[in-house]
Amino acid sequence: MADGMTTDPFFSLLQNVADVKTKVSDSIFENYKLQVAQTNDINNRAMQVALATSTALADLKAAASKGTLETMLAAGRTDAVVARTASETQRAIFEQGELTRRLIVDLNTQNLNTALINTNTALSGLGGQYAGLGVAYGGAVAAVQSANSVSALNAVQSAVSNQRFVNTGVATDTTQTSTPTRVG
């Protein structure tokens with residue numbers, strides 16, 4: 001105790017306790033500030049992740065919408081091409097149908113004309129054959145007539161040359177019938 005002042009040990013202890021309290025309080029406050037800063041940092045990072053996720057999701061939705069729209073446009077174009085092709089096909093079928101019908105009519109007309117020509121040719125040939133039959137019939141009639149004439153002449157010649165009785169009929173008992181012979 002050299003300076004004459006004496007310090008109360010409780011006072012010193014209280015002073016040290018107060019200093020510790022301040023330091024603990026300062027430390028808790030610093031720790032609190034650190035926790036708040038960490039929480040804010042975590043919240044900021046979470047917000048950044050959420051914004052990034054939200055932006056990525058929005059980009060995905062936009063890409064999906066764009067893809068859907070492009071697909072719908074492509075489908076519309078495809079439908080238009082299919083409809084145009086179907087229309088052109090129907091028109092071609094109609095035109096080919098008309099050409100086919102004309103071809104069938106022309107073929108039928110040609111077949112009928114050919115049948116008519118064949119029939120006329122056959123009739124002309126039959127006419128020639130019938131004409132030949134007429135000539136042959138005339139010749140046959142002439143031959144029969146000639147044979148009859150020759151036969152009659154032979155009968156007359158026989159009757160004249162022999163001067164005998166030529167019975168051309170039936171003779172019975174006393175009645176005689178005769179059938180005249182014509183020469184001519």
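The values are calculated or read from the model by the stated rules, or taken from the named source; none is laboratory data. Note that the structure is predicted; figures quoted are calculated from it, not measured. Note: ideal-geometry Cβ built from the backbone for every residue, glycine included; neighbour counts use all protein chains shown. Remember, those area values only see protein heavy atoms, side chains included, never the ligands or the DNA or RNA. Shrake-Rupley method; radii C 1.70, N 1.55, O 1.52, S 1.80 Å.
A few notes on this one:
- A count restricted to segment 1-60 and to residues that are open to solvent by 80 Å² or more (accessible area, probe 1.4 Å) and among the hydrophobic types (A, V, I, L, M, F, W, C) stands at 17.
Conditions tested, residue by residue: (1) surrounded by fewer than 10 Cβ atoms within 10 Å (Cβ to Cβ); (2) under 60 Å from the mean Cα position of the chain (by Cα); (3) at pLDDT 65 or above.
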| residue | (1), (2), (3) |
| --- | --- |
| Thr89 | no, yes, yes |
| Ala92 | no, yes, yes |
| Ile117 | no, yes, yes |
| Val170 | no, no, no |
| Thr175 | yes, no, no |
| Thr179 | yes, no, no |
